[in-house]
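We did not get these values from a lab; they are worked out from the coordinates using the rules stated. Not measured: the values here are computed from a predicted model. All Cβ positions, even for glycine, are placed from backbone atoms using ideal geometry, and neighbour counts span all protein chains on display.
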Amino acid sequence: MFTDLVLASAHHVLVFMLAAIIAAEALIVWSELSEAAVRLLSRIDAYYGATAALVLLVGSGRILFGLKGWEAYVYNWAFWLKIAAFVAVGLLSISPTLQFRKWRVSVDKDAFTVSTQEITKVRGLILAQIGVFTLIPVLAATMARYGY
Ligand code: HEM
């Protein structure tokens, strides 16, 4: 019971951190991109990767050591939809990460420029991440109650 409580608490805290990180990235790319903003963006994006990895780790811990047992999830369609949504958010974040790195390198070389095309693409992909991310808690609530 205690292990389940620790894992569930960690899972919730990490998931809220991830939501805050995506919101922070959105806020930055929707404002004027200065060199300082690019440095902040690249730091926040590193936290994004680390937090997503921890969500995966703790989520897997809940499957293996949680109260319900792994069988409650591997045969649960809502669980697999949730994982698919999680993977989709990850895939949608690849291109923005590469763009943030490119911007960061140009800032470090004192040659920072940003095109309208780049910013439009990054904004679209961040919006798409927010859209898919929103489905995850719904699928999580579904998998905890139905789906098997
Ligand atoms: C951004 C990603 C994620 C979000 C927003 C999220 C959200 C949630 C929420 C809100 C719950 C509570 C559901 C409820 O009791 O009503 C939950 C439970 C759970 N999540 Fe996640 N989760 C995420 C990623 C993951 C991943 C990657 C895994 C597995 C690898 C995972 C495994 C679990 C498990 C096992 C539970 C327990 C469900 C139960 O009580 O039966 N989650 N998640």
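Tabulated data for the structure shown
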read-out: Label-to-label distance, nm, for residues given as Ala36 and Ile119 (7 Å Cα→Cβ offset); value: 1.8 nm
read-out: Expected 222 nm ellipticity per residue - DSSP helices of 4 or more, -39500 (n - 2.57), all of the chain, to 500; value: -30000 deg cm²/dmol
read-out: Cβ-Cβ FRET estimate between Lys109 and Leu135, R0 fixed at 41 Å, reported to 0.05; value: 0.55
read-out: Listed residues Ala85, Ala72, Ala36, most fluctuating in the chain (Gaussian network, C-alpha, under 10 Å); value: Ala36
read-out: Over region 2-145, relative contact order from alpha-carbon pairs under 8 Å, at least 6 apart, %; value: 33 percent
read-out: The chain: radius of gyration over Cα atoms, expressed as a fraction of 2.2 N^0.38 Å; value: 1.20
read-out: Signed unit charges on C-beta, dipole axis of the chain, positive-most listed residue Ile28, Leu40, Ile136; value: Ile136
read-out: Lysine pairs within the chain, Cα separation less than 30 Å, 8 or more sequence positions apart or different chains; value: 4
read-out: Zone of Trp80's modelled label, taken as backbone nitrogen in region 129-147 under 15 Å from a point 7 Å along Cα→Cβ; value: 143, 147
read-out: Given charges at beta-carbon only (K, R positive; D, E negative), |dipole| of the chain in Debye; value: 180 debye
